[in-house]
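Just below is one structure, and these are the notes that go with it.
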Amino acid sequence: MNNSGNISPTPTMKNSDDNFYAIVRDHVDLICRYDVDGTILFVNDAYCKYFQKSRSELIGHCWIPNIPHDDLQILNQQYEVLTPENPVFTCEVRVILNHGEIRHQSWRNRGIFDKQGQLIIVQAVGRDITESKRSQEALQAAQNRLQHLLSSSPVVIYTRHPNTQSLTFISDNCQDILGYSSQDFLASTELWEQRIDPGHRERVLQALSQLEHQQHLILEYRFLHPDGSSRWLRDEMKMIHDPQANLVECIGSIVDISDRHATEEQLHLFKMIVENSQEAIGVSDPQGNIIYTNPAHNKLFGNPPPEQLSLSYRDLLTPKTQDYLETVVFPLLSQGQDWIGEIDAQDLSGRQFPLWQRINTIQDDQGKMIYHFALMHDVSDRKKAEAAILNALVREKELNELKSRFISIASHEFRNPLTSILSSAQLLQAGDWNDDEETELFTQIEEAVHHLTLLLEEMKTFNQGQIGKLQCRPVSIELISFCSRLILELERNYKSTQTTEFNLETPNHSTLNVEMDEKLLRQILTNLLSNALKYSRPNHPIRFSLTSSEHKVIFRISDSGIGIPPEDLPHIFLPFHRGNNVNAIPGTGLGLAIVKQAVDLQGGEIAVESHVGQGTTFTITLPSHTASWRKE
């Protein structure tokens, strides 16, 4: 401001002004001076630092563009009412900083007027209140959320005066639960007491009079609703004491438990009816939580331990049955339909059993389902009888099928060697033959008899396995020489044109001692090698490899024959089954069934890989028991 009059400033006055401006410049609050059009005339250091501009960038410029339009309108209204008699106003505005951030500020503005009473300059002192503003907004939001929770909660919250027992606060949702507004209760100290059911009033008031001697109190009583009904309430109170143990306040919560009490009354009547029933009876809520079981039910499933009195029917069902109940049964029950069926249940010890069950829904007067009523009994004995009958029928069918297969295959397999024997015998009887010719005919008869013997031996072996007379008797075997002799026997018996490769895939060793059942091992290798020779094309090698580790021996037999069709692979170990591509190649269909029996008896495994027209590989893994390698 300019000095008026003819008085010249003295050094003392000048020093005073300098000190004043130094104080203003160093003040932590934002201090500025501007004219009526908003042009800044002075700013202190705090103002420059806040807006991150130098004094030269601020003085001479207008601050109005930094104020949002809505706030600017409010400021203009304040300026219009400024007078020399009332030159000060306080306001809160938002301000836009250089980088776009909006902050909140509080300003105290003082207008300076000329001699004619016109506003010419405004001096202002301000500070940033953004954090305070945000805290207030957060607090208000929290209060709003709390109020919303209280109003929408099924629990009424209240506080009582420690001496008079009158209510000092009660949440607004009391209107929905108790039928009276919070203003009704707070305006009348006697309303609550008057609305307690007369039969319960004395007990409740007696308990309330002793609050100062208690830490925690729970009461259940009936409350008279203004609509004429009575509501069962659960009133839980917590006493607050000061450090000197004086009762300061009582905080309580009220829940309407009318439905629970009604349920208990109905269950009591229901219990009297079904307590002595010989059928297992259970009652559950719509979610499957068990509410009641009769003694027969407890006998069927077992009594739950004291720490697990609360059970769900899910606890008494297998996982598969739980899924079935969730997806099939419960949706039907939720529609008010009854359900009858059999499910897999389990008692509390884990024993599983089949259960016949009939579930009825119980509804209230409004058609709302409130209970499931289940009648049930164990059908294990009936199921066992049914299973025995079914197994007998299946076994009889299987035996009939096996009989038909056996007759068909046996008649075919026996016909050829018998025909050969008969024709050779007739030829021998018919005329004179030289020694070579007679030898040939006798050889044909001998081969036919040998073939019949093998067929009968296969059938005998398979039958022993079926009736459980085939046993595993391990003996010490030198495996390499055993396999070599077996190959020589097969080549001699079959007089095959195929060559057999025998590969021992363990370098620098020529003997392998194991403990296996020699008879079973012979059956396994003979059948597989015979099949490889029988189903391979001439002059194609049969590959037979043998590997061993410390605990097992692996045999691998491969041919390049006709192969096994994919549709036959799942059935090749069934008795009398033959591939659909064997055509006229002889066979009983018992060989692989016998192999499977022999492998299983020795605790081994068998796998097959085959491609039609390319060949088949069988891999047999047997435990070597006490295997030992020895160098020659």
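The values are calculated or read from the model by the stated rules, or taken from the named source; none is laboratory data. These numbers come from a predicted model, not from an experiment. Using ideal geometry, Cβ is built from the backbone for each residue, glycine included, and neighbour counts are taken over all protein chains shown. The area values use the complete protein model at the heavy-atom level, side chains included, leaving out ligands, DNA and RNA. Shrake-Rupley method; radii C 1.70, N 1.55, O 1.52, S 1.80 Å.
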Practice task
Output the number of the condition that S209 fails; it satisfies all remaining conditions of (1) open to solvent by less than 70 Å² (accessible area, probe 1.4 Å); (2) at pLDDT below 90; (3) within 27 Å of L146 (Cβ to Cβ); (4) not acidic (D, E).
Solution key: (3)
Exercise for the section: Please enumerate the residues belonging to segment 37-61 that are surrounded by fewer than 16 Cβ atoms within 10 Å (Cβ to Cβ), of a type outside the set (G, A, S) and out of contact with any Phe, Trp or Tyr (no Cβ under 8 Å at 6 or more places or on another chain). Expected result: D37, T39, D45, K49, Q52, K53, R55, E57, H61
Exercise for the section: Exactly one condition in (1) loosely packed, with under 12 Cβ neighbours inside 10 Å; (2) more than 60 Å from the chain's Cα centre (by Cα); (3) modelled with pLDDT under 65 is not met by N416; state its number. Expected result: (1)
Exercise for the section: Starting from residues that are open to solvent by less than 40 Å² (accessible area, probe 1.4 Å) and at pLDDT 85 or above, keep the ones in segment 161-179 and report whichever is farthest from I240 (Cα to Cα). Expected result: G179
Practice task
Within segment 95-142, count every residue that is in contact with a strand residue (DSSP E or B) (Cβ under 7 Å, 6 or more places away or on another chain), surrounded by 11 or more Cβ atoms within 10 Å (Cβ to Cβ) and not in a strand (DSSP E or B).
Solution key: 4
Practice task
Under 9 Å between Cβ atoms, at least 6 apart or on separate chains: pull out the pairs that start in segment 112-132 with a residue that is among the basic types (K, R) and end on any residue that is surrounded by 15 or more Cβ atoms within 10 Å (Cβ to Cβ) and in a strand (DSSP E or B).
Solution key: R127/L30; R127/Q105; R127/S106; R127/W107
Problem - Unmet criterion (only one of (1) of a type outside the set (G, A, S); (2) modelled with pLDDT under 60; (3) surrounded by fewer than 18 Cβ atoms within 10 Å (Cβ to Cβ)) for Q498 - result: (3)
Practice task
Look at L300 and say whether it is open to solvent by less than 50 Å² (accessible area, probe 1.4 Å) and either of a type in the set (D, E, K, R) or touching a strand residue (DSSP E or B) at 6+ places or on another chain (Cβ under 7 Å) (or both).
Solution key: yes
Exercise for the section: Sort out which residues of segment 251-296 are over 30 Å from H161 (Cα atoms), assigned to a strand (DSSP E or B) and open to solvent by 60 Å² or more (accessible area, probe 1.4 Å), and write them in order of number. Expected result: N289, I291
Practice task
Taking F353 as meeting all but one of (1) free of Cβ contacts under 8 Å to residues at least 40 places away in the same chain; (2) under 20 Å from L267 (Cα atoms); (3) surrounded by 12 or more Cβ atoms within 10 Å (Cβ to Cβ), write down the number of the exception.
Solution key: (2)
Practice task
For S423, state whether it is modelled with pLDDT of 65 or more, open to solvent by less than 80 Å² (accessible area, probe 1.4 Å) and in a helix (DSSP H, G or I).
Solution key: yes
